[in-house]
Structure formats: structure tokens, C-alpha cells
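The values are calculated or read from the model by the stated rules, or taken from the named source; none is laboratory data. Since we're looking at a predicted model, the values are computed, not measured. Backbone-built Cβ (ideal geometry, glycine too); neighbour counts: all protein chains shown.
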Amino acid sequence: MAQKTIWESFLSPVVRFLIDEEKLQRYALSIDWEEESNRFRSADVTIPAYYKQNFHGITGGYLNSSAAVSYDPITEYALPPNEAWVRQALIDAVKVQPRRILDLGCGTGSTTLMLKQTFPQAEVIGLDLSPYMLVRAEDKARIANLNIIWRHGNAAQTSFPDASFDLVTASLLFHETPSAVTQAILQESFRLLVAGGQVLILDGNQKTLRQLDWPNDIFEEPYIREYAADSVDARMGAAGFKEVRTEDVWWIHQVSSGIKPTLITGSAMQATVRQYSEGSIDSTIDNNDLEGLGSPAFGITV
Ligand SMILES: C[S@@+](CC[C@H](N)C(=O)[O-])C[C@H]1O[C@@H](n2cnc3c(N)ncnc32)[C@H](O)[C@@H]1O
């Protein structure tokens, strides 16, 4: 018999004690998960191999409705000193006035909702590989009366056009992706941003995690050691971002920021390059023109 992880033998019962299991059970039963998740499922999305393993002691990881039901109540205890405060650190690090925001690996949408609340005029899109997480996210947005677009997709390979966002975010995603996938996601973020656009990554503090060797055993996080040994800063630099910096959030978390540089400065070129400038998403192009991109991101009715 396989040895039980610390999560299974110790922490899971503790968390069970803290959460209202009956309420969760009622919520789980109130939704036809297969029918609802089918509304999001895209046939074009291929599930990568790394994603199909167990995360957080849940067999099949996020490809499972129980992941969507249990994620929020567990995460509340996994983000000390306070979940909303930790997520607010990402919001506070936004330097642009975003008109289009893409939240990669949005999960149940906790950060996505905060982004929409902070930037109500922005078109906000949450993208995730798990259609079950998207069902939960959509439900939360409906209850909060927030108009957010939810998309099934792979953050490393989205189908959105080049330069279609001026803010791309990811919270708590990179500790769950192999380094090569992290790099691919940052490169995709770079492609998706307008020049001058910002990428923001909230996750575990890599300096602190390097000192610890137990989070994988406790939380069943298959890539957390790889994440700890890595550097989000270095990967952002390799993807082409400038002004890269990482700030500690408490000593457990970190927020990393990078800006897509304005590579083309000639006035003739500016007419055709989508560019971010403060106060507007793009001073060089007609906003109406953006709607004609034919992108899955724009002009979508939800
Ligand atoms: C720990 S959860 C974080 C969810 C949310 N961002 C938050 O802050 O609570 C990681 C999420 O990333 C998603 N994910 C992992 N790899 C992904 C990928 N390549 N593309 C899109 N989503 C991915 C998972 O399905 C899961 O919902």
C-alpha cells in the first residue's frame, strides 16, 4: 500500500475540522458538474501530462469537481496571515490602467473577482485548464454581480491574438507548473501584452521555500521544489520583460512584476504597434479598431 502523505494522515483531518463539510456537500450536490462544466469545455484544449496527477491529495487534481468544491475553504487556511490581504498585494502592484485583463490559471476566480472589482471598466477574462474550477468561478462572479468572461484554455498556449491585453496576471499558478511550462506561460504573457503592458505573478516566496523541504509532503505539491529552486525574476527576464522586480509579501509569499518594453519607437511604426500609455490602453490606435480583432477575447457576450 502506498505510504500516506502528511496531508492525508494529518492536515486533511485538521482542515476537515475547520471547514463546514455539510455545507460543502450541499453545494457539491446542488450542481450538475458534468453538465455545467461541459458549457466551458473546449475541444481545442489538450490537457498536458503534468496536469493529470494528484494535487493537494485530490486524485486527478483539478480535473475533478471535488477540487472546485474544496479549493476555496482550504485556500483560506493556506494563505496566512489573511487570504484577501495576500491577494490584495497583487492588485496593489498594478501600475497600468488596464482596459483588458487576463488572469491565467484563474481557478475559482478569487483574484479575478478582485481585479474586476478594482477595475470595473476593464474587460476581465479568467482562463483555466479545469472546466470544474470555471464552474465555481462563474458562480462566484454571478453572486458578486460581476461581469467576467471565463475561458477554458492552456495558459502556455492561448488562442488570443498578439498584444490584446495590457495586464496579465497569475496567482498561485507557478508553484504548480514545471519550470519549462512556467517559461512558456511567461512567453505567452509577453506575446499577449501590448508594449508597456504589465505581467504580475503572485505565488509562494521562493527564498523562503528554498529553506524548507516539506511543503510537497504536506500539501502534495509535485512541483513546489522545482519552483523553489527557480527564479520568477530570471524567467521573466528570459521572456523579454524589463523592470523586473519581486517584492516579499510577508515572508511566505511574493509578487513579481515585469513590463513589456516598447521596442519600436519610430513614429511610422507606432501607428501599427499596440502600445500602453498611462490613462489609456493605447494612444496610437482607435479603440474601436480593437473590437474588430476577431479575437475570442473581444465582443463576447456572457
Ligand atoms: C493553485 S490554483 C490557483 C487558482 C487561482 N489563481 C487562485 O489564486 O486561487 C492553480 C490553478 O492553475 C490551473 N492551471 C494549472 N496549469 C494551468 C495551465 N497550463 N493553464 C491554465 N490553467 C492552469 C489549475 O487548474 C488551477 O485552477
Name every residue in the stretch 117-138 that is farther than 19 Å from A67 by Cα and surrounded by fewer than 24 Cβ atoms within 10 Å (Cβ to Cβ), in order of residue number.
-> Q117, T118, F119, P120, Q121, A122, E123
Is one or more of the residues making up the stretch 29-46 out of contact with any Pro (no Cβ under 7 Å at 6 or more places or on another chain), assigned to a loop (DSSP other than H, G, I, E, B), charged (D, E, K, R) and modelled with pLDDT under 75?
-> no
Restricting attention to the stretch 66-88, report how many residues are under 13 Å from I252 (Cα atoms), within 12 Å of the ligand (Cβ to nearest atom) and part of a helix (DSSP H, G or I).
-> 4
State all residues of the stretch 21-62 that are free of Cβ contacts under 8 Å to residues at least 60 places away in the same chain and among the acidic types (D, E); if no residue qualifies, say none.
-> E21, E22, D32, E34, E35
Going through the stretch 67-105 in order, the residues found to be among the small types (G, A, S) and either surrounded by 15 or more Cβ atoms within 10 Å (Cβ to Cβ) or in contact with a Cys (Cβ under 7 Å, 6 or more places away or on another chain) (or both) are A67, A68, S70, A78, A89, A93, G105
Out of the stretch 48-65, which residues are more than 9 Å from the ligand (Cβ to nearest atom) and part of a loop (DSSP other than H, G, I, E, B)?
-> Q53, N54, G57, T59, G60, N64
Checked pairs for the stretch 73-94, first at pLDDT below 95, second assigned to a loop (DSSP other than H, G, I, E, B), C-beta under 6 Å and 6 or more apart or across chains, list as P73/I19
